[in-house]
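Below is one structure, written out as structure tokens, with a few remarks after it.
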Amino acid sequence: MNIYSSKVKKIVYGGDYNPEQWPEEVWEEDMRLFKEAHIDIVTLNVFNWAALQPDEHTYCFDKLDRVMELVRENGLKVCLATSTGAHPAWMARKYPDILRTEFNGMRRKFGGRHNSCPNSPSYRRFVPELVKRIAQRYGAYDNLVMWHVSNEFGGECYCENCEKAFRVWLRDKYKTLDNLNRSWNTAFWGHTFYDWEDIVLPNLLSEHFEYEKTQFQGITLDYRRFNSESILACYQMEADILKEITPDIPVTTNLMGFYPLLDYYKWGKAMDVIAWDNYPAIGEEAASIALTHDLMRGVGGGKPFLLMEQTPSVTNWLPYNAPKRPGEMRLQSYQAVAHGADSVMFFQMRRSIGACEKLHGAVIDHVGTGNTRIFREIRQLGEELDALGAQTLGAEVPAKAAIYFDWDNWWGIRYSAGPSQDLDYRQEVLNYYEALYAQNIPVDIIGTDDDLTGYQLVIAPVLYMTKTGYDEKIRKFVNNGGTFVTTFFSGIVDECDLVLPGGYPGTLRDILGIWVEESDALPSDKENHFSYEGKTYPARILCDILHAEGAEVKGIYEDDFYKETPAVTVHEFGEGKAWYAAASSSRAFYHQFMQDVCRTCGIEPLMKPQENLEVMLRKNENGSFLFLLNHGSGPLDVTMEQAGEIFPDKVTVAAGDCLHMEGKDVKILKYQEQEK
């Protein structure tokens, strides 16, 4: 599957270019340097609305016309943005309904980004006209390969327009106030609503006493869903116009990984291709970065995605903004490709001279030449991607293991009044992901609507919210021979955040063969312990105290009043098995536990695990591509288990050969699957 259609023959290489920030005499030098670096695509027009529409009735495309002609003449592909990521100052002055209201009730003034209310009538009036004019003017350019809607959608608004829209959204969802009151359990604290107009947005003026501490989780949870859908509607408004005028050009926007405010599974269904911006923290572990790539592939239904932004060298918003070390940019770029990216793109192409991103890295630094370490590394990677060509385009990642992640579940856990402030849903997901990653086992990240057929293992850490019908999906999966793993604090509530009666873990109880009677919340400086397979491991954060109801006990607690009660269980259910880990634990436990589970369900690693070595596989009609990434600073000698051709060296290796890799190095083995 080529996400660009026939216009692109290789992994595109480039990024955000803002020529409007520079005098035109600089543009030609940029073109020369882009060619030298093997740059072949630029994202244009991201924050250009102020220049395109200087007042309500005037549109001025002259400069953008010149830029579009210039890049076409120089053989560059274009990802063209709609420029709606920041509205003009005159619009805020003349139509203040476009400005957002903060969580504390403060009305914003003009400034910054993402300051447009998603439910503003003015915003929804001006945006379509601008997008239509851009699509009609540039849609026929033969080098236009992608539409880029707005930029990094996010944030939230608590204004009167959003409050009115929230009531409409609620009436559409619940139909009657009786249904709403029941779903929100408003009998608690005498919170009953008598009229739709009684309902206000949940913030510091109403339900909250802190940002993530709310007195009515159901109300806040619904606002979170509403806000995500409101912003998605803004994306969809633009995408519909672009698809009507240019139906053959894919439409996307840049997502932000584990971004807490938007449910990206719903966004993925509205986007032609997923694109995202990868800005890992300095020192962030490779497994954590890999997990986010896999999440982005997952919200796109398992299809290839675009690496829309990364920094070539240094970010500018961290407490300490160190540059990427030699080889690190190349390594992270190939890691994205290994996990499904069909592009390698940067922010930004030329370093700005003013405002908050003037110290953010770029392809062309303030010195204005190609005589920098970063530029030389970019040029080297460009040469390699040219040589790789179209070989990996459209290649998918085959995985037999999946981890369930759900934004509603994330929100529900974050807003829960207890049991522990240390409970971090993403971290618990990462614990299990890292254990599989360390064993070179590919993982899909899946959501509620994804089909479980084809997986041998499904893991759902901290499945606090078990949505209606999802228990039946798991029940069918396990009954048909699948292996299911879940953990403490699972099966607690339904999608309305109402407790599932009948004992924990709710509708999962028969599948798991256990009853959880209570949970012990441990402070960060305390831990219990449990035995598993002859070794002792720590039990942290939450310890579920449970009874086996048909499940086999594989591990028991060692301390406190629940000593010798089950800590790890497995239950044979139909043709499959369901595992339960009753506490958060250590990396050593997760590695051993996942190794045991994978062995019992027949999942084998891509290669024998080796410290600092990441192994990923992509497949398409051209063959199989095994990515070997050395995340260590020292060399590795890797014993090959498969014969094939090594890229970029272009040498042939046989099974059993020793492949030498320097620190931060990347090798790609291309081979053909043997017929069975």
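The values are calculated or read from the model by the stated rules, or taken from the named source; none is laboratory data. Quick caveat: nothing in here was measured; it's all calculated off a predicted structure. With ideal geometry, Cβ positions are generated from the backbone for all residues, glycine too; neighbour counts draw on all protein chains shown. Only protein heavy atoms, including side chains, enter the accessible area calculation; ligands, DNA and RNA are left aside. Shrake-Rupley method; radii C 1.70, N 1.55, O 1.52, S 1.80 Å.
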Practice problem: Please get the size of the charge dipole for the range 31-105, origin at its Cα centre, with Cβ charges of +1 on Lys and Arg and -1 on Asp and Glu, quoted in debye to the nearest 20. | Solution: 140 debye
Self-check item: Sequence of PHE561, PHE627, PHE489 when ordered by accessible area, the most exposed leading, probe 1.4 angstrom
Solution: PHE561, PHE489, PHE627
Quiz item: Which one of GLY155, MET349, ASN185 has its Cα pushed farthest toward the positive end of the charge dipole of the chain, where Lys and Arg give +1 and Asp and Glu give -1 at the Cβ?
Solution: MET349
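So which GluC sites (Glu not before Pro) in the range 567-631 pass both tests, a DSSP loop state and at most 12 other Cβ atoms within 10 Å of the Cβ? Working shown, then result.
On the way: sites: GLU572, GLU575, GLU611, GLU614, GLU621; in loops: GLU575, GLU611, GLU621.
Qualifying residues, ordered by number: GLU575, GLU611, GLU621.
How big is the antiparallel share of DSSP beta bridges in the chain, given as a percent to the nearest 5?
Values: 59 of 101 bridges.
Roughly 60 percent of the beta bridges in the chain run antiparallel, per DSSP.
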Practice problem: Can you spot the aspartates and glutamates whose alpha carbon is less than 14 Å from LYS63's alpha carbon? Ignore those fewer than 8 places along the same chain. | Solution: GLU20, GLU24, GLU25
Exercise. Have a look at PHE573, PRO648, PHE561 and report the one farthest towards the positive end of the charge dipole of the range 557-661, computed about the Cα centre with Cβ charges (Lys/Arg +1, Asp/Glu -1).
Key: PRO648
Self-check item: Size of electric dipole in the range 124-235: Cβ of Lys, Arg +1 and of Asp, Glu -1, about Cα centre, debye, nearest 20
Solution: 460 debye
Self-check item: Qualifying trypsin sites (Lys or Arg not before Pro) for the range 81-122 [loop in DSSP, other Cβ within 10 Å: at most 12]
Solution: LYS109
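Enter the mean projected area of the convex hull around the alpha-carbon atoms of the chain, in nm², rounded to one decimal. Can you show the working numbers first?
Details: hull surface 123.4 nm².
Taking a quarter of the hull surface, the average projection is 30.9 nm².
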Quiz item: Counting only protein heavy atoms, what percent of the accessible surface of the range 278-321 is carbon or sulfur at a 1.4 Å probe?
Solution: 55 percent
Practice problem: Could you work out the local net charge near ALA275, counting Lys and Arg as +1, Asp and Glu as -1, over the other residues with Cβ closer than 14 Å to its Cβ? | Solution: -4
Self-check item: Unit charges on C-beta of K, R, D, E only; dipole of the range 6-65, Debye
Solution: 560 debye
Exercise. Could you calculate the contour length gain from ARG113 to GLU69, that is, 0.36 nm times the residue separation minus the distance between their Cα atoms, to one decimal place in nm?
Key: 13.0 nm
Quiz item: Can you give me the relative contact order of the chain as a percent, contacts being Cα pairs under 8 Å and 6 or more apart?
Solution: 11 percent
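For the chain, what does the accessible surface come to per residue with a 1.4 Å probe? Please give it in Å².
Values: 26610 Å² over 676 residues.
Averaged over the residues of the chain, the accessible area is 39 Å².
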Practice problem: Measure off 7 Å from each Cα along the Cα-to-Cβ vector at LEU261 and THR192, then give the distance between these two points in nanometres to one decimal. | Solution: 3.6 nm
Exercise. Mind checking the full-extension length gain between GLU29 and ASP248? Use 0.36 nm per residue of separation minus the Cα-Cα distance, one decimal, nm.
Key: 75.6 nm
Quiz item: Add -39500 (n - 2.57) for each DSSP H run of 4 or more in the chain, then divide by its residues: what number comes out at 222 nm, to the nearest 500 deg cm²/dmol?
Solution: -9000 deg cm²/dmol
Self-check item: Percent antiparallel among DSSP beta bridges (both partners in the range 425-561, rounded to 5)
Solution: 75 percent
Quiz item: If r is the Cβ-Cβ distance from ASP596 to ALA387 and R0 is 35 Å, what FRET efficiency results, to the nearest 0.05?
Solution: 0.25
Self-check item: Charge-dipole axis of the range 432-546 as Lys and Arg at +1 and Asp and Glu at -1 on Cβ define it, positive-most pick from ALA438, THR507, TYR464
Solution: ALA438
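Looking at this model, which pairs from LYS132/LYS358; LYS94/LYS164; LYS577/LYS667; LYS9/LYS667; LYS132/LYS164; LYS473/LYS608 are more than 30 angstrom apart at the alpha-carbon?
Details: LYS132/LYS358 32 Å; LYS94/LYS164 22 Å; LYS577/LYS667 38 Å; LYS9/LYS667 22 Å; LYS132/LYS164 28 Å; LYS473/LYS608 33 Å.
In this structure, LYS132/LYS358; LYS577/LYS667; LYS473/LYS608 lie more than 30 Å apart at Cα.
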Quiz item: Which peptide among 267-279, 130-142 comes first, and what is the full order, when sorted by highest mean count of other Cβ atoms within 10 Å?
Solution: 267-279, 130-142
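The range 176-237: which chymotrypsin sites (Phe, Trp or Tyr not before Pro) are DSSP loop and have at most 13 other beta-carbon atoms within 10 angstrom? Provide the component values of the computation, followed by the final result.
Values: sites: TRP184, PHE188, TRP189, PHE193, TYR194, TRP196, PHE209, TYR211, PHE216, TYR223, PHE226, TYR235; in loops: PHE193, TYR194, TYR211, PHE216.
Sites meeting the loop and neighbour criteria: TYR194, TYR211.
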